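Beneath this line is the structure, given in structure tokens, with notes to follow.
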Amino acid sequence: MSATLPATQFEALRDHLLTHSVKRGDFVLKSGRRSSWFIDSKQTVCRPEAMVLVADAILSILPDDVIAIGGLTMGADPVAFITAGVAAGRGRMLKAFSVRKEVKDHGGGGRIAGALDPGDRVVVTEDTVTRGTSLIEAARAVREAGAEPVLLVAVVDRGGTAAAMAAAEGIPFRALLTAPDLGFDYEGG
């Protein structure tokens, strides 16, 4: 299910993704399957003309009681940190964090890097999801850290399966845009 964004915001984000992030050709996905298209959403999320657009879209769907945003590094990092920065500039204080792929066994240790405290109500984010496994992995790490994931958000859902995976974990899922919004069929599974 995609987020309900104002038409101009939706169109601007879709157009930027299609121009800068979507590639057509023959690609092998992380799953090993082949696809005729690939999306590198970081090409949108990390460009200055789109940063505030992405942050505004994320902020428009965040529950009011959320106080932290983050997810599995690298996909979530730019989304979380840009959103928290834009929010702070507007007077909404959101902490940001990253979930490491592996437990760090030195320094402070653990999987969480950044600002996350037990009891925090959290949005777990990702730039692009196909199956949704990275969102679920990050949500579980957030729970292990004593915080509560209350929403999973992807900039783009290319697979169409993340909502079901999130529901199985008892967490709502929203995508700013979906594969069909970009003119493609879902490629989940």
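Here are the numbers for this structure:
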quantity: Contacts under 8 angstrom Cβ, first residue in region 151-173 being touching a residue at least 12 places away in the same chain (Cβ under 8 Å) and on the phi > 0 side of the Ramachandran plot, partner of a type in the set (Asp, Glu) and part of a loop (DSSP other than H, G, I, E, B), 6 or more apart; calculated: 160/187
quantity: Every residue from region 113-156 that is among the β-branched types (Val, Ile, Thr) and either more than 11 Å from residue 70 (Cβ to Cβ) or touching a helix residue (DSSP H, G or I) at 6+ places or on another chain (Cβ under 7 Å) (or both); calculated: 122, 124, 125, 128, 129, 130, 133, 136, 150, 153, 155, 156
quantity: Count of region 172-189 residues which are crowded, with 16+ Cβ neighbours inside 10 Å and more than 22 Å from residue 54 (Cα to Cα); calculated: 2
quantity: Breaking point among (1) at pLDDT below 95; (2) within 26 Å of residue 8 (Cα to Cα); (3) part of a loop (DSSP other than H, G, I, E, B); (4) small (Gly, Ala, Ser), for residue 57; calculated: (3)
quantity: Among the candidates 14, 92, residue that is outside any strand (DSSP E or B), modelled with pLDDT of 90 or more and either surrounded by fewer than 17 Cβ atoms within 10 Å (Cβ to Cβ) or among the acidic types (Asp, Glu) (or both); calculated: 92
quantity: Breaking point among (1) modelled with pLDDT of 95 or more; (2) in contact with a helix residue (DSSP H, G or I) (Cβ under 8 Å, 6 or more places away or on another chain); (3) not small (Gly, Ala, Ser), for residue 81; calculated: (2)
quantity: Failed item, numbered, when residue 9 is tested on (1) without any contact (Cβ under 8 Å) to a residue 12 or more places away in the chain; (2) part of a helix (DSSP H, G or I); calculated: (1)
quantity: Checking residue 99 against (1) modelled with pLDDT under 95; (2) touching an Asp or Glu at 6+ places or on another chain (Cβ under 9 Å); (3) aliphatic (A, V, I, L, M), the condition it does not meet; calculated: (1)
quantity: Cβ-Cβ under 6 Å pairs, at least 6 apart or on other chains, region 132-147 side farther than 18 Å from residue 175 by Cβ, far side outside any helix (DSSP H, G or I) and at pLDDT below 95; calculated: 141/111; 145/112
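The rows are residues; the columns are (1) over 19 Å from residue 157 (Cβ atoms); (2) in contact (Cβ under 8 Å) with a residue 24 or more places away in the chain; (3) in a helix (DSSP H, G or I); (4) under 15 Å from the mean Cα position of the chain (by Cα).
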residue: 38; (1), (2), (3), (4): no, no, no, no
residue: 43; (1), (2), (3), (4): no, no, yes, yes
residue: 64; (1), (2), (3), (4): yes, no, no, no
residue: 70; (1), (2), (3), (4): no, yes, no, yes
residue: 84; (1), (2), (3), (4): yes, no, yes, yes
residue: 87; (1), (2), (3), (4): yes, yes, yes, no
residue: 96; (1), (2), (3), (4): yes, yes, no, yes
residue: 111; (1), (2), (3), (4): yes, yes, no, no
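The values are calculated or read from the model by the stated rules, or taken from the named source; none is laboratory data. Just so it is clear, the model here is predicted, and its values are computed rather than measured. Note: ideal-geometry Cβ built from the backbone for every residue, glycine included; neighbour counts use all protein chains shown.
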